[in-house]
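So the structure is just underneath, and the comments pick up after that.
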Amino acid sequence: MTQGDEMLGDLEVSRGYQQNAEYWERIVRQRLDKFQTEVTDVALMNLIGDCSGANMLDAGCGEGYFTRDLISRGAAHVHGVDTCEELITAAREHPEGGCLRSEYHHADVADLPLDDGSIDVVVANRLPHGIADPAKRFDEFRRVLRPSGRLLVLSMHPCFYAARGERDGVGFASTIDDYFGVRTVQQRFDVAGLTSPVESFQQFYSLEQHIGMITAAGFAITTLLEPRPSPEQRRSDEFWETNFTRPLFMLLECAIVTAN
Ligand SMILES: C[S@@+](CC[C@H](N)C(=O)[O-])C[C@H]1O[C@@H](n2cnc3c(N)ncnc32)[C@H](O)[C@@H]1O
């Protein structure tokens, strides 16, 4: 496949998650992904802060671990939304999936089954970029948030994230030289020595485009962080020296811009 090929689209994103659903569930539930458990989850929870009494949306919730974490931290109610039916089923069937303070929806974040102004905090935790209409989800996040609400977006770093190999034989990956176009990274997940059954497919937009989509929807960026292992983590675990050699993640906190 080549960049711009008509075969590449939101359908491929969904199909990839559907075929990798069992793999993904295992990685998350066995806490095998150190990037997630030791870096991004910590940064995201720190930025979210106190969730007590909040109505929240976990956008692209997967098998639901973050929804469950938010509930255990006192959120009043969490909606988990995901396009992958297998992962939504896994979230509902988890022993805590029946908690009355959570609700899982098989839906697209670009068309949320939620009322206007009903949510205090939207969290998009490693939600891949939309493809057909990438900006639409931000309009939806804006719509469902209360005026004082916050949006938190944890993504792969738009400037530095690249495929492990540039054309690694298992898929297509455009290089950082394609930065101002739409970069495509298509590869299998490889976590703790376990390789996913099929490739996942993601597109990357430049930082300018990425932030432009968010601000055009009516948000201001209030915090920009680049989650990474601390010096102490690097000293105590040599894993990070070989596996975290450049910025991999970007975490944004956004507030709604209100008219004067
Ligand atoms: C990398 S996984 C992250 C899942 C979970 N947030 C986590 O961190 O374990 C991305 C998730 O986003 C979902 N997803 C992708 N595009 C979506 C969309 N347009 N609407 C809702 N979910 C989507 C996928 O099905 C997948 O479960």
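The values are calculated or read from the model by the stated rules, or taken from the named source; none is laboratory data. Just so it is clear, the model here is predicted, and its values are computed rather than measured. With ideal geometry, Cβ positions are generated from the backbone for all residues, glycine too; neighbour counts draw on all protein chains shown. Side chains are part of the model used for accessible areas, which takes the heavy atoms of the whole protein and leaves out ligands, DNA and RNA. Shrake-Rupley method; radii C 1.70, N 1.55, O 1.52, S 1.80 Å.
Summary of computed values
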{"quantity": "Every pair of residues 6+ apart whose Cβ atoms lie under 6 Å, when the first sits in the range 124-149 and is of a type in the set (Val, Ile, Thr) while the second is part of a helix (DSSP H, G or I)", "calculated": "ILE131/ASP10"}
{"quantity": "Yes/no for ASN55 being touching a Phe, Trp or Tyr at 6+ places or on another chain (Cβ under 9 Å) and of a type in the set (S, T, N, Q)", "calculated": "no"}
{"quantity": "Boolean, LEU127 is more than 9 Å from the ligand (Cβ to nearest atom), aliphatic (A, V, I, L, M) and under 20 Å from LEU47 (Cβ atoms)", "calculated": "no"}
{"quantity": "Residue list for the range 29-76, restricted to those being without any contact (Cβ under 8 Å) to a residue 24 or more places away in the chain and of a type in the set (Val, Ile, Thr)", "calculated": "THR37"}
{"quantity": "From the options ALA107, ALA59, residue that is at pLDDT 95 or above and touching a Pro at 6+ places or on another chain (Cβ under 6 Å)", "calculated": "ALA107"}
{"quantity": "Count - residues of the range 206-225 that are part of a helix (DSSP H, G or I) and either open to solvent by less than 40 Å² (accessible area, probe 1.4 Å) or of a type in the set (Val, Ile, Thr) (or both)", "calculated": "6"}
{"quantity": "Residue list for the range 226-253, restricted to those being surrounded by fewer than 16 Cβ atoms within 10 Å (Cβ to Cβ) and either closer than 23 Å to GLY149 by Cα or of a type in the set (A, V, I, L, M, F, W, C) (or both)", "calculated": "GLU226, PHE239"}
{"quantity": "Selection from the range 117-157 of residues that are of a type in the set (A, V, I, L, M, F, W, C) and open to solvent by 40 Å² or more (accessible area, probe 1.4 Å)", "calculated": "ALA132"}
